[in-house]
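Q: Before we start, here is the structure in question, set down as structure tokens.
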Protein chains: 2
Amino acid sequence: MHRQEAHLCKTKRSRYASPMFRLLAATKIGRKGNLSTPHGDVPTPVFMPVATAGAMKGLAHTDLEMLGASMMLCNTYHLHLQPGENSIANAGGLHSFVGWDKPILTDSGGFQVFSLRSIRKITDDGVEFRSHLNGNSLFIGPKESITIQHKLGADIIMCFDECPPSTVPRNEIEAAVERTLRWARVCKETHEELCSKKDPSKHPLLFGIVQGGIHMDLRSHCAVELVKIGFDGYAIGGLAVGESEQEMLEIVEHVCPLLPVDRPRYLMGVGKLEQMRSAVARGIDMFDCVLPMREARHGSLYLSSGERLRISGASYAEDHSIIDPHSPSPLSRRHTKSYLRHLLHAGERYGETIACMQNMAVTLQTVRELRRQMNETGSSL
Amino acid sequence: MHRQEAHLCKTKRSRYASPMFRLLAATKIGRKGNLSTPHGDVPTPVFMPVATAGAMKGLAHTDLEMLGASMMLCNTYHLHLQPGENSIANAGGLHSFVGWDKPILTDSGGFQVFSLRSIRKITDDGVEFRSHLNGNSLFIGPKESITIQHKLGADIIMCFDECPPSTVPRNEIEAAVERTLRWARVCKETHEELCSKKDPSKHPLLFGIVQGGIHMDLRSHCAVELVKIGFDGYAIGGLAVGESEQEMLEIVEHVCPLLPVDRPRYLMGVGKLEQMRSAVARGIDMFDCVLPMREARHGSLYLSSGERLRISGASYAEDHSIIDPHSPSPLSRRHTKSYLRHLLHAGERYGETIACMQNMAVTLQTVRELRRQMNETGSSL
């Protein structure tokens with residue numbers, strides 16, 4: 001943990017807790033906290049499985065519960081396109097609709113709109129784009145995104161930000177930061193207006209997103225200005241999109257101390273086990289990532305030992321040993337490597353389920369284990 | 001139940017039980033029995049889920065266990081092509097390989113070879129065909145099929161039969177019956193030779209298959225001759241392939257009384273709920289069918305009330321009621337119709353899982369319920 005923050009922890013005890021986040025320990029391996037949402041508490045650090053259109057690929061909600069997932073992420077872009085936020089609102093909101101009564105976070109839709117290459121026009125009000133489903137022309141800006149997310153009814157909602165590739169010239173990143181900050185103000189205004197019509201127990205938490213590419217001064221500027229506006233939590237966006245791991249961790253290390261101690265910090269799109277450990281040690285509390293599932297579907301398994309298993313290798317065709325005898329996934333304790341290889345080779349969906357369950361189980365266990373280790377590590381609080 | 005058989009039941013009590021099948025009740029709604037196999041007992045009537053290449057689509061083995069499946073069917077053709085029976089034998093047999101310790105039945109491969117339109121040549125020794133995976137030329141006859149099935153290590157194995165479409169001319173059906181009978185003798189010889197090298201506790205049960213299309217005299221001839229050869233159980237094949245339901249049930253009603261009372265009877269490829277009830281009432285004990293899963297994937301759901309639900313209907317887009325509040329599937333008690341429709345519409349695999357779980361749960365419950373009702377119905381035993 002950054003020395004400045006440890007100092008903050010020691011001297012400003014009154015700032016350790018906000019209504020939505022309680023910092024329980026600040027140790028050298030990371031922060032242990034408790035995030036309160038309208039649908040219950042989430043122990044942090046936390047990894048959120050990504051249920052794009054309201055469901056995981058290959059895993060049932062019951063599997064996620066069994067593996068200990070405490071929070072789910074759904075994509076606003078996909079749900080806006082189908083079935084639409086009005087339909088979901090009619091169902092009683094996202095929790096009723098998808099049948100998940102623990103907390104849910106929705107992203108803003110910005111990442112999809114900017115990355116799906118479907119953009120027609122970017123203005124100061126938002127983005128005009130084409131639906132990838134039917135080509136329809138659609139518009140989402142900060143106001144629309146927050147309105148959609150309020151209708152969906154998630155526990156944590158995200159500001160609509162501009163997320164350019166980190167490889168574009170500095171002046172483009174700079175413009176994206178300014179637009180992100182202008183939009184953040186609109187998001188907060190829209191959020192407060194919508195909250196004023198809702199029961200306070202149902203107010204979602206609104207997170208701001210720090211952009212700025214790999215430029216430390218732009219990251220600083222964005223973080224400081226977002227903190228001035230004031231959000232319930234802060235995300236670091238625009239990372240894990242091509243920059244080196246070292247660059248990513250340097251930015252995390254640079255940004256975290258600029259954020260309030262008593263607010264949760266969410267590193268978007270990161271979920272590699274070692275990267276999560278490194279990011280937690282630098283002060284991050286929340287993660288989401290589709291990579292563990294994508295790698296699983298391609299036969300790359302995370303073993304509980306920390307090793308990798310590329311199950312497509314020919315040598316596994318006759319390896320009839322158990323996939324991972326100490327796995328937190330019951331399927332990996334039941335089935336053999338040769339069977340899993342056969343299923344993936346034959347295109348049998350059960351193979352994907354076994355592989356996805358393994359990677360999700362190990363990912364969730366890694367974060368849980370980090371939290372457990374914090375109990376044994378001296379806190380500076 | 002056929003009167004003649006009820007009479008048999010009454011007068012020849014000593015014949016009610018064989019080492020592998022105990023007839024517990026013969027009621028007007030059907031036979032209740034117990035089938036003993038190397039991997040444990042199976043209460044009959046029984047429906048066997050089809051795990052083609054060793055796995056179901058959309059369901060985990062743990063789901064099948066939770067829903068009360070007591071026996072699984074695997075396809076010899078698919079497992080022979082990949083990963084191959086030698087690989088499975090090296091894994092310790094099919095049960096170890098697929099991670100299922102309850103009984104397994106393998107079919108002979110005949111149905112696939114004859115229906116995949118991959119035939120190159122049929123001789124008295126067997127069938128030369130092309131693999132649908134890589135075009136390789138392969139050969140399976142009665143000897144090969146039984147040898148493969150013994151290597152796979154299932155609990156119940158099937159004779160290699162010729163299964164022509166029921167629409168072909170009578171003389172072709174007649175020739176197929178004669179070939180099926182010749183092959184049945186080879187199957188039994190091969191089986192006995194292979195059994196002589198195995199521990200008796202591991203001997204699989206060998207079932208003969210009655211062919212004959214919709215011709216009663218050919219069915220009679222085939223049944224009588226198979227019984228003379230003598231098998232552990234008898235299947236009725238070549239049905240549910242285009243003939244009317246009435247024709248099918250007439251053949252079942254005609255063939256069952258020709259089979260020994262103390263042997264299990266298996267109606268291949270039938271799994272429609274009402275047809276299973278009708279077939280059980282005519283003396284059938286065992287079923288398998290891929291239809292419930294195929295219909296599920298296409299959004300046709302079997303409700304526990306007995307009704308059907310075509311979830312793709314536009315009216316379900318805003319129907320936020322629970323799929324089936326009294327369902328034996330926990331997923332259907334948890335999720336709504338609108339959510340399931342959304343998932344299937346969006347191509348999300350979890351939709352298939354919810355639908356498959358529902359149809360499998362209702363199918364297994366229907367057969368279990370039949371068995372329960374037999375307890376309340378007077379037996380003629």
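The values are calculated or read from the model by the stated rules, or taken from the named source; none is laboratory data. Small disclaimer: the values here were computed from a predicted structure and weren't measured. Please note: Cβ atoms are built from the backbone with ideal geometry, for glycine as well, and neighbour counts cover all protein chains shown. For the accessible areas, the whole protein counts, side chains as well, though only heavy atoms, and no ligand, DNA or RNA atoms are used. Shrake-Rupley method; radii C 1.70, N 1.55, O 1.52, S 1.80 Å.
Q: Condition check: open to solvent by less than 40 Å² (accessible area, probe 1.4 Å), more than 18 Å from A:S70 (Cα to Cα) and in contact with a Gly (Cβ under 9 Å, 6 or more places away or on another chain). Does A:I354 satisfy that?
A: Criteria met by A:I354.
Q: A further question on this structure: Name the residue, out of A:L309, A:L301, A:L291, that is within 18 Å of the chain's Cα centre (by Cα) and open to solvent by less than 50 Å² (accessible area, probe 1.4 Å).
A: A:L291
Q: Give the stretch A:263-288 a look and list any residue that's open to solvent by less than 20 Å² (accessible area, probe 1.4 Å) and either closer than 13 Å to A:C356 by Cα or in contact with a Ser or Thr (Cβ under 6 Å, 6 or more places away or on another chain) (or both), or say none.
A: The one that is open to solvent by less than 20 Å² (accessible area, probe 1.4 Å) and either closer than 13 Å to A:C356 by Cα or in contact with a Ser or Thr (Cβ under 6 Å, 6 or more places away or on another chain) (or both): A:D285.
Q: Taking the stretch B:171-181, which residues are open to solvent by less than 20 Å² (accessible area, probe 1.4 Å) and either of a type outside the set (V, I, T) or farther than 22 Å from B:F287 by Cβ (or both)?
A: B:I173, B:A176, B:V177, B:L181
Q: In the stretch A:21-78, which residue that is of a type in the set (V, I, T) and within 14 Å of another protein chain (Cβ to nearest Cβ) is most open to solvent (accessible area, probe 1.4 Å)?
A: Among those that are of a type in the set (V, I, T) and within 14 Å of another protein chain (Cβ to nearest Cβ), it is A:T62.
Q: Somewhere in the stretch A:316-329, is a residue more than 14 Å from chain B (Cβ to nearest Cβ) and open to solvent by 50 Å² or more (accessible area, probe 1.4 Å)?
A: yes
Q: While we're here: Please verify whether B:G230 is under 23 Å from B:C163 (Cβ atoms) and within 18 Å of the chain's Cα centre (by Cα), treating the condition exactly as stated.
A: Considered against the rule, which asks whether it is under 23 Å from B:C163 (Cβ atoms) and within 18 Å of the chain's Cα centre (by Cα), B:G230 comes out as no.
Q: Can you find a residue that is on the phi < 0 side of the Ramachandran plot, of a type in the set (S, T, N, Q), in contact with an Asp or Glu (Cβ under 6 Å, 6 or more places away or on another chain) and part of a helix (DSSP H, G or I) anywhere in the stretch A:341-353?
A: Scanning the stretch A:341-353 turns up no residue that is on the phi < 0 side of the Ramachandran plot, of a type in the set (S, T, N, Q), in contact with an Asp or Glu (Cβ under 6 Å, 6 or more places away or on another chain) and part of a helix (DSSP H, G or I).
Q: Continuing with this model, one more query. Within the stretch A:92-101, track down each residue that is facing chain B (nearest Cβ under 9 Å) and open to solvent by 20 Å² or more (accessible area, probe 1.4 Å).
A: Selection gives A:G92, A:S96.
Q: Output the residue which, of all residues in the stretch A:102-119 that are open to solvent by less than 10 Å² (accessible area, probe 1.4 Å) and in a loop (DSSP other than H, G, I, E, B), is nearest to the other protein chains (Cβ to nearest Cβ).
A: Among residues in the stretch A:102-119 that are open to solvent by less than 10 Å² (accessible area, probe 1.4 Å) and in a loop (DSSP other than H, G, I, E, B), the one nearest to the other protein chains (Cβ to nearest Cβ) is A:G109.
Q: So how many residues does the stretch A:195-246 have that are of a type in the set (D, E) and either crowded, with 23+ Cβ neighbours inside 10 Å or more than 19 Å from A:E172 (Cα to Cα) (or both)?
A: Matching residues across the stretch A:195-246 total 3.
Q: Given the conditions (1) in contact with a Lys or Arg (Cβ under 9 Å, 6 or more places away or on another chain); (2) under 21 Å from A:L364 (Cα atoms), which single one is not true for A:V261?
A: The single condition A:V261 does not satisfy is (2).
Q: Please work out which one of (1) β-branched (V, I, T); (2) more than 21 Å from A:L94 (Cα to Cα); (3) open to solvent by less than 20 Å² (accessible area, probe 1.4 Å) is the condition A:I122 fails and give its number.
A: (3)
Q: Any residue at all in the stretch A:136-143 that is open to solvent by 20 Å² or more (accessible area, probe 1.4 Å) and within 14 Å of another protein chain (Cβ to nearest Cβ)?
A: No.
Q: Here are A:V367, A:V362: which of them is of a type in the set (A, V, I, L, M, F, W, C), over 30 Å from B:C74 (Cβ atoms), assigned to a helix (DSSP H, G or I) and modelled with pLDDT of 95 or more?
A: A:V367
Q: Still on this structure, please answer the following. Going by the structure shown, is A:I148 under 28 Å from A:M48 (Cα atoms), assigned to a helix (DSSP H, G or I) and either in contact with a Phe, Trp or Tyr (Cβ under 7 Å, 6 or more places away or on another chain) or hydrophobic (A, V, I, L, M, F, W, C) (or both)?
A: yes
Q: Answer yes if at least one residue in the stretch B:96-103 is more than 22 Å from the chain's Cα centre (by Cα), farther than 23 Å from B:D161 by Cα and modelled with pLDDT of 95 or more, and no otherwise.
A: no
Q: Residues in the stretch A:184-217 that are under 23 Å from A:G153 (Cβ atoms) and either in a strand (DSSP E or B) or more than 22 Å from the chain's Cα centre (by Cα) (or both): how many?
A: The number of residues fulfilling the criteria is 18.
Q: Among the residues of the stretch A:157-183, write down those that are of a type in the set (A, V, I, L, M) and either within 22 Å of A:V224 (Cβ to Cβ) or not in a strand (DSSP E or B) (or both).
A: Passing the criteria: A:M158, A:V168, A:I173, A:A175, A:A176, A:V177, A:L181.
Q: Name the single residue, out of those in the stretch B:248-268 being out of contact with any strand residue (DSSP E or B) (no Cβ under 7 Å at 6 or more places or on another chain) and in contact (Cβ under 8 Å) with a residue 60 or more places away in the chain, that is nearest to B:L206 (Cα to Cα).
A: My answer is B:P260.
Q: Next question, about the same structure. Identify the single condition in (1) open to solvent by 20 Å² or more (accessible area, probe 1.4 Å); (2) in contact with a Leu (Cβ under 8 Å, 6 or more places away or on another chain) that B:A184 does not satisfy, given that it satisfies every other one.
A: (1)
Q: How many residues are closer than 22 Å to B:Q275 by Cβ, of a type outside the set (A, V, I, L, M) and more than 16 Å from the chain's Cα centre (by Cα) when one looks only at the stretch B:20-61?
A: The qualifying residues number 6.
Q: Hey, among the residues in the stretch B:330-340 that are more than 7 Å from chain A (Cβ to nearest Cβ) and among the basic types (K, R), which one's farthest from the chain's Cα centre (by Cα)?
A: B:K337
Q: For the stretch A:205-230, what are the residues that are touching a residue at least 24 places away in the same chain (Cβ under 8 Å) and of a type outside the set (A, V, I, L, M, F, W, C)?
A: A:G208, A:Q211, A:G212, A:G213, A:H215, A:R219, A:S220, A:H221, A:E225, A:G230
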